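Colleague: First the structure, which I've put down as structure tokens, then a few questions once you've had a look.
Computed from the coordinates by the stated procedures, all read-outs in this text should not be read as laboratory data. In this text the structure is predicted, and so the values were computed from the model without any measurement. Virtual Cβ from ideal backbone geometry, glycine too; neighbours counted across all protein chains shown.
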Amino acid sequence: MIKKVEPPFWWNAFARKELQILLYGTNISRYTVNIEDNNVGVVLKNCIKTNNPNYLFLEILLPKNCPSGSFFIHLNDGAKYVEYEYHIYQSKLNPKYQIKETTITQQDAIYLIMPDRFAKGGDFTSKKLFEKENKKVPHARHGGDLQGILNKVDYINNLGCTTLWLTPIEENNAQSFSYHGYGITDFYSVDERLGDNHLYKKLSDKIHKKGMKLIKDVVLNHIGIEHNWLKDLPDTSWLNNQTYIEGDKMSYHGTNYHVNTAFDPYVSDEDLRATQEGWFTDQMPDLNQDHPLLATYLIQNTLWWIEYAQLDGLRIDTFGYVFPSFNNDWVKAIKLEFPALYIVAEILVGETPFAAKYGHYNTYNVSAVTDLPLAFTAVKSFRSSDRSNFWESEMHQLYNQLSQDFLHTNPYLLMTCLDNHDITRVFSKIKSIKRLKLALGFLLTTRGIPQLYYGTEFLYEGLENDHSSLREDVMGGWKKDKKNLFEKKGRTKKQNKIWDYLSRLLQWRKSSDAIAKGKLVHFIPIDEVYVYFRISDLQTIAIIINNNDDTTQLINFEKYKSVVENFHVGINILSDKKVDLSIPYTINPLKIHILELKKRGK
């Protein structure tokens with residue numbers, strides 16, 4: 001009779017003492033509920049019915065010092081009697097969530113993986129899920145899984161990335177395009193084609209044993225069309241524009257994809273509603289987070305995954321499409337339990353004012369947002385060089401972009417990138433390896449927490465309007481692959497050149513105090529030369545970028561006296577060569593020099 005219980009279990013040490021349990025089953029709301037054999041001291045506070053008799057929501061109150069244990073939910077309608085043992089487990093009480101800084105910092109580098117396209121390590125199939133593995137079809141599932149990622153943790157560690165971000169791992173039972181994971185059909189279960197919850201926990205454990213970190217992709221805005229809720233809606237207002245599902249096929253309302261409407265002083269009611277209530281696609285119904293039962297469900301689901309997998313961070317998908325009031329309540333609830341947890345909101349816009357506003361538009365706010373404005377500017381700036389107009393030169397535009405950081409609460413926590421799974425790959429725009437090295441060198445030394453998209457180290461290309469190329473499989477991730485890009489001998493000379501460059505930078509920045517804690521000081525670019533510094537109490541790093549195609553530039557450190565006057569020499573972290581700061585020196589075209597500054601005698 002009980003078909004579903006969510007959350008499936010809970011923990012004892014949350015500050016939040018109210019627990020909402022969703023019970024699903026045929027006419028389950030007609031049953032009388034009692035709590036018995038209760039060795040944890042919980043109290044049944046309320047039973048909430050909706051207009052659908054197949055759902056019943058229990059409000060459970062946990063005691064102040066709740067022990068681990070279990071209790072039995074008893075259901076009785078006079079003719080039938082059912083019981084369900086509900087477990088309360090011991091919380092980990094991990095001290096990492098109570099530190100003063102965030103769990104993910106500038107010292108980290110994030111490696112973004114789409115699990116279905118990375119590596120196949122097991123033989124996970126599912127009879128109940130629609131799409132089967134078919135590598136011949138670009139938009140089908142290709143068979144990558146969590147075991148494949150687990151097998152490659154050492155590879156990612158050796159590359160130099162410290163943190164994994166996986167696109168959603170929950171069940172996505174779409175009839176097509178299910179590989180990307182963003183149409184969730186079961187919030188509490190890993191997709192069977194990726195593995196299971198235990199394997200996800202095993203992956204998390206291995207990552208943490210390596211001293212690495214794990215970010216979970218969270219979707220609060222929408223679900224997949226094949227979610228059971230669409231077959232049996234919990235309540236009349238569970239979805240936005242719900243009449244479309246209830247039979248009125250003329251009432252479909254899609255989003256307008258304009259998250260700037262939330263702050264537009266001249267916005268119309270129609271446009272704002274379309275942004276926040278329109279469906280992301282006709283396969284992704286929009287959730288109504290104003291529904292109190294659904295709001296609690298989503299908050300508890302996030303808390304559940306954090307504790308279950310001991311997550312180090314959350315990336316919030318489509319954050320700007322969710323009602324601001326719910327975002328506020330959600331962040332408040334997460335921060336109450338896990339104060340130091342790094343939470344980054346996806347804001348896919350090109351304008352800094354809109355991106356920045358989403359970082360501080362509520363009473364309770366996320367740690368950071370995705371810095372796509374910097375990504376778009378950086379890629380454009382490193383594609384070419386133009387010295388014909390000082391104000392419009394490429395390095396000057398990059399400088400100006402960073403000058404807008406006063407709009408951000410803390411720009412040092414922004415998730416920076418050059419590309420990701422939604423926008424054109426960087427090597428499709430920057431065709432030159434020399435120029436790509438400039439862009440990557442900038443990304444890994446400027447302020448913020450850098451994110452690399454899997455395949456960048458292999459010079460993968462891909463267009464945002466062609467997801468089959470944008471989300472390509474990694475050669476070597478499948479047994480029958482003809483070459484293995486995870487091994488040096490399987491890569492071309494060009495691929496190894498960029499791999500080695502990336503790895504050298506990534507490994508170096510792990511121990512750089514200036515990268516981890518240092519402030520950014522930059523100087524107005526002249527003649528397409530951009531000079532900036534990362535400065536901490538223990539270390540000063542100078543970064544010099546010559547963005548000219550064919551012009552060698554003379555660097556005179558006297559121009560940067562306010563920073564370098566106490567230093568004598570710079571050590572190039574890529575070549576180990578010494579640079580005497582007291583005399584001018586030259587930097588060749590399309591070169592980046594990263595110098596650790598040293599005082600005389602040190």
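Colleague: What list of ³J(HN,Hα) couplings, whole Hz, do you get for the stretch 573-586 from phi and the Karplus terms 6.51, -1.76, 1.60, once you set θ to phi - 60° and write x for glycine and proline?
Modeller: 3J(HN,Hα) across the stretch 573-586, in whole Hz: 6, 8, 10, 6, 6, 8, 10, 6, 6, 7, 10, x, 9, 9.
Colleague: Where in the stretch 306-332 does the amide nitrogen come within less than 15 Å of the point 7 Å from the Cα of Y89, taken along Cα to Cβ?
Modeller: Of the residues in the stretch 306-332, 306-311 have backbone N under 15 Å from the label point off Y89.
Colleague: Listed here are the pairs K3/K132; K120/K591; K332/K517; K100/K357; K128/K201; K488/K517; which of them are more than 29 Å apart at the Cα? Working shown, then result.
Modeller: Numbers: K3/K132 25 Å; K120/K591 38 Å; K332/K517 27 Å; K100/K357 24 Å; K128/K201 23 Å; K488/K517 33 Å.
Listed pairs above 29 Å: K120/K591; K488/K517.
Colleague: Of H421, T236, F354, which is farthest along the charge dipole of the chain in the positive direction, counting Lys and Arg as +1 and Asp and Glu as -1 at C-beta?
Modeller: Of the listed residues, the answer is H421.
Colleague: A follow-up question, please. Can you work out the PRE-style zone for E59? Point 7 Å along Cα to Cβ, and I want the residues of the stretch 2-30 with backbone N under 11 Å.
Modeller: Counting backbone N atoms under 11 Å from the label point, the list is 18-20.
Colleague: Still on this model: Among W11, T50, C66, whose Cα projects farthest towards the positive end of the dipole of the stretch 4-89, with charges put on the beta-carbon of Lys, Arg (+1) and Asp, Glu (-1)?
Modeller: Of W11, T50, C66, it is T50.
Colleague: Quickly work out the D513-to-S70 label distance, labels modelled 7 Å from Cα along the C-beta direction, and quote it in nm with one decimal.
Modeller: 5.3
Colleague: Gain in length, S325 to H139, computed as 0.36 nm per residue apart minus the alpha-carbon separation, to one decimal in nm?
Modeller: Values: separation 186, 0.36 × 186 = 66.96 nm, distance 3.58 nm.
So the chain would gain 63.4 nm between S325 and H139.
Colleague: Report, by chain and number, residues whose modeled amide H sits under 5 Å from the one on I449, excluding near sequence neighbours (fewer than 5 apart, same chain).
Modeller: L414, M415, T416
Colleague: List, in order, the whole-Hz ³J(HN,Hα) value for each residue of the stretch 167-173 obtained from phi through the Karplus relation with A = 6.51, B = -1.76, C = 1.60 and θ = phi - 60°; use x for Gly and Pro.
Modeller: Going residue by residue, I get 4, x, 9, 5, 4, 10, 9 Hz, with x marking Gly and Pro.
Colleague: Here's something else I'd like to know. When the Karplus curve 6.51 cos²θ - 1.76 cosθ + 1.60 is applied with θ = phi - 60°, which whole-Hz ³J(HN,Hα) does each residue of the stretch 39-45 get, with x for Gly and Pro?
Modeller: So the Karplus estimates, Gly and Pro as x, are 9, 10, x, 7, 10, 7, 7 Hz.
Colleague: Quick one: helix 394-403 against the long Cα principal axis of the chain, what's the angle to the nearest 10°, folded into 0 to 90?
Modeller: 50
Colleague: Would you calculate the separation in nanometres between label points at Y257 and I524, each defined as 7 Å from the Cα along the Cα-to-beta-carbon direction?
Modeller: The modelled label-to-label distance comes out at 3.8 nm.
Colleague: Quick one: if the Förster radius is 22 Å, what FRET efficiency do K201 and K132 give, using the C-beta to C-beta distance and rounding to 0.05?
Modeller: Numbers: r = 26 Å, r/R0 = 1.17.
Efficiency computed from Cβ-Cβ geometry: 0.30.
Colleague: Sequence-distant or interchain residues sharing an amide H contact under 5 Å with S189, placed H: which?
Modeller: The answer is E171.
Colleague: Find the relative contact order for the stretch 104-511 and round it to a whole percent, using C-alpha pairs within less than 8 Å whose residues are 6+ positions apart. List each step's numbers first, then the result.
Modeller: On the way: 784 pairs, mean separation 68.0, N = 408.
After rounding, I find 17 percent.
Colleague: If amide hydrogens are placed 1.01 Å from N in the peptide plane, which non-local residues have theirs closer than 5 Å to the one on K45?
Modeller: For K45, the qualifying residues are E59, I60, L61.
Colleague: If packing is taken as the average count of other Cβ atoms within 10 Å, what order do 169-176, 40-47, 152-159, 127-134 fall into, highest mean first? If you can, show how the numbers build up before the last one.
Modeller: On the way: 169-176: 21.8, 40-47: 15.4, 152-159: 17.5, 127-134: 13.5.
Final packing ranking: 169-176, 152-159, 40-47, 127-134.
Colleague: Of I587, G518, V564, which is farthest on the positive side of the dipole of the stretch 515-598, counting Cα position, with +1 on Lys and Arg Cβ, -1 on Asp and Glu Cβ, and the Cα centre as origin?
Modeller: G518
Colleague: Using 7 Å Cα-to-Cβ label points, what is the D290/N228 separation (nm, one decimal)?
Modeller: 2.8
Colleague: Share of antiparallel DSSP beta bridges in the chain, in percent to the nearest 5? Spell out each step's value before the answer.
Modeller: Working: 63 of 93 bridges.
In the chain, DSSP labels about 70 percent of beta bridges as antiparallel.
Colleague: Quick one: compute the contact order of the stretch 4-89, relative version, from alpha carbon pairs under 8 angstrom and 6+ residues apart, as a percent.
Modeller: Details: 190 pairs, mean separation 29.8, N = 86.
Across the stretch 4-89, relative contact order equals 35 percent.
Colleague: Say R0 is 60 Å: what FRET efficiency, to the nearest 0.05, do N566 and A79 get from their beta-carbon distance? Present the calculation step by step, with values, prior to reporting the outcome.
Modeller: Working: r = 86 Å, r/R0 = 1.43.
After rounding, the FRET efficiency stands at 0.10.
Colleague: If the cut-off is a Cα-Cα distance under 16 Å, which aspartates and glutamates reach K479, setting aside same-chain residues fewer than 8 apart in sequence?
Modeller: Of all the aspartates and glutamates, those that pass the test against K479 - Cα under 16 Å, at least 8 places apart if same chain - are D116, D123, E133, D145, E487.
Colleague: Moving to a separate point now. Note the full-extension length gain between L538 and K493 as 0.36 nm times their separation in residues minus their Cα-Cα distance, in nm to one decimal.
Modeller: Details: separation 45, 0.36 × 45 = 16.20 nm, distance 3.71 nm.
Extra length from L538 to K493 when fully extended: 12.5 nm.
Colleague: A follow-up question, please. Hey, with R₀ at 56 Å, roughly what FRET efficiency would R16 and L554 work out to, going by the Cβ-Cβ distance, to 0.05? Spell out each step's value before the answer.
Modeller: Numbers: r = 61 Å, r/R0 = 1.10.
About 0.35, to the nearest 0.05.
Colleague: Taking the Cα centre of the chain as the origin, how large is its charge dipole in debye, to the nearest 20, when only Lys and Arg (+1) and Asp and Glu (-1) carry charge on their Cβ atoms?
Modeller: On the way: 72 positive and 71 negative charges, 594 e Å.
My answer is approximately 2860 debye.
Colleague: How large is the charge dipole for the stretch 4-89, taken about the Cα centre, if only the Cβ atoms of Lys, Arg (+1) and Asp, Glu (-1) carry charge, to the nearest 20 debye?
Modeller: Approximately 260 debye in magnitude.
Colleague: Hey, another quick one. I48 to D422: extension gain in nm, 0.36 nm per residue of separation minus the Cα-Cα distance? Mind dumping the intermediate values first?
Modeller: Working: separation 374, 0.36 × 374 = 134.64 nm, distance 4.02 nm.
Between I48 and D422, full extension yields 130.6 nm more.
Colleague: May I have the count of lysine pairs in the stretch 4-89 with C-alpha atoms under 16 Å apart, counting pairs 8 or more residues apart or located on different chains?
Modeller: Details: K4/K49; K17/K45; K17/K64; K45/K64.
Here the count comes out as 4.
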